[in-house]
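Right, I'll just put the structure down here and ask away after.
Please treat every number below as a calculation from the coordinates, not as lab data. Computed from a prediction, not measured in an experiment: that's the story for all the values here. Here the Cβ positions follow ideal geometry from the backbone for every residue, glycine too, while neighbour counts run over all protein chains shown.
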Amino acid sequence: MPFWGLQKQLGIDVDSFLLRQSMPQPYSQAAACHAFEREWVECGHGLGQIRARRECQLEYEDFMECMNRTKM
């Protein structure tokens, strides 16, 4: 974790595109699939890309199901 929030101090946001639902939303209401995305990110945090793909497959499928509205 950096000591200074350089992006916040300069007023730029370079990595916000990585998470779709976690960005600030209009009227401060959470997006529909925010919970699924959060579970997926928390599952994969600190595991590494290859291990996270294998171990967090269920969370990712739930998130994509919510985003694409396939099994409703």
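With a point put 7 Å past each Cα toward its Cβ, work out how far E39 is from I12 in nm, to one decimal.
A separation of 3.6 nm, rounded to one decimal place.
If you don't mind, there's one more thing I want to ask. Calculate, in nm to one decimal, what A31 and L47 gain on full extension: separation in residues at 0.36 nm each, minus their alpha carbon distance.
Gain in length upon complete extension: 3.2 nm.
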